[in-house]
Amino acid sequence: MKLSLGKFLFVWILFVAHGWGAYQWRVLEAPARLLVGESGVVRYECVFDTSAADYTIDFKPAQSEGYNASILTQRDQIKEGKRVQTYDVLITPKQAGKIDVKLEALLRHTTFASIENATIGRDNVKKYDFDDEKVMLPLVKIDVNENTAGLIGNLTLEVRTDAKAVRAHEPLHLSIIVQGSGNLDRLIPYELNISGVKVFSQPPQKSFTASKDGFEGEVIQEFALVSRESYTIEPFSLRYFDTDKKRIVTLKSKSLYVEVGEGYEPSSLLDTPELSDWSTLARYSLYAALLIAGVVLGEGARRLWRLRPRRKVKQFWDEAKSPKELVMLLSLSGDKRYDEVIRILESGEVGIGDAKKRLNILINCQAESK
């Protein structure tokens, strides 16, 4: 595709304006002294001569044997037509002595060919899209002193319980809360060992975010204590270097006495009634009378149910008026069950009334057997 004169001039102006832009790195602030484990912020600034839209900065601080480094914040802005990029890097020394903070960044400059391809729509050329340049940032020297406290910052210690007295085998819930700012990530969890007390614990709950002091937030430990006898929870302590007071501080909680009362014994769940007490005797007599009345009513209902009048089912032989007519109806039914009744009717041993009774008994017996 042929590049028009207007597009070529636009690309050339953009290249001249940005392609030859210079930049300068400098350190705005840095701590001169730190303790082992204490975090400090080193603020780097990169200032370009132009708006530098064709530049990108890839800055990932590398770790060192003497310190940990991580980006806390970064900001990119334009001041008076010049691009200014600022980085706050958190430095945490790991050992005493003098450390040299040497960091490098990667500057990527978009080439003239890339701008030309983007302008004329040619996107199949990917080689030589960027000119990469490694830049050593200004050296920062920090004196690091030994730290005997381990923890550093501005911290508070709080111990909470949900009760001061419990029953035997009833759990007491205990919470240890450490709040503030500093190297909270290095806090060693507390351990409880109380004679005669079963201790159940959960892993510490950590809730903090990165800050200029390292971390800011809280660490909570939860315990459940179970015992049969009263016991004392010894004070908890927190020893750290206070960055505001510039000295080692030891925080200490109060000792807690937990009174354990009697638990629920099986024998105490139901009180034995005193029969000499007239109200108690009357109450149990009423219970017994109600029980007997229920048994009597149930038996009476059962007997009445058996004596209940039953609806008679009409049979085909009920309309017979004479033995011959009954014999004829039974014979026409073809049921072999009626043969014996037919025989005694023909022999004259029974009358029509007795024959019908025998038929009803026969039908009822067969119905009950089913």
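I'm trying to understand the selection: among the residues of region 19-29, which are more than 45 Å from the chain's Cα centre (by Cα) and not polar (S, T, N, Q)? I'd like the intermediate steps shown before the answer.
Initially, region 19-29 is screened for residues more than 45 Å from the chain's Cα centre (by Cα), giving 19-26.
Hits for region 19-29 are 19, 20, 21, 22, 23, 25, 26.
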Just checking: which of the strands (runs of 3 or more DSSP E) contained wholly in region 26-77 hold 1 or more residues that are of a type in the set (Val, Ile, Thr), under 30 Å from residue 184 (Cβ atoms) and outside the structural domain of residue 185 (by TED's automatic domain parsing)?
40-48
Checking the conditions here, which among 175, 207 is loosely packed, with under 15 Cβ neighbours inside 10 Å, in a strand (DSSP E or B), in contact with a strand residue (DSSP E or B) (Cβ under 6 Å, 6 or more places away or on another chain) and modelled with pLDDT of 95 or more?
175
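Considering only region 30-54, how many residues are among the aromatic types (Phe, Trp, Tyr) and under 42 Å from the mean Cα position of the chain (by Cα)?
Adding up the residues that qualify gives 1.
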Which of the residues belonging to region 321-337 are at pLDDT below 80 and open to solvent by less than 80 Å² (accessible area, probe 1.4 Å)?
326, 327, 329, 330, 331, 333, 334, 335
If you take the residues in region 82-117 that are modelled with pLDDT under 90 and of a type in the set (Gly, Ala, Ser), which one is farthest from residue 183 (Cα to Cα)?
113
Return the residues of region 210-249 that are part of a loop (DSSP other than H, G, I, E, B) and either more than 16 Å from residue 174 (Cβ to Cβ) or open to solvent by 40 Å² or more (accessible area, probe 1.4 Å) (or both); say none if nothing qualifies.
212, 213, 228, 229, 230, 234, 235, 243, 244, 245, 246
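The values are calculated or read from the model by the stated rules, or taken from the named source; none is laboratory data. Not measured: the values here are computed from a predicted model. Reconstructed Cβ throughout: ideal geometry from the backbone, glycine too, with neighbour counts over all protein chains shown. Calculation scope for accessible area: heavy atoms of the full protein, side chains included, ligands and nucleic acids excluded. Shrake-Rupley method; radii C 1.70, N 1.55, O 1.52, S 1.80 Å.
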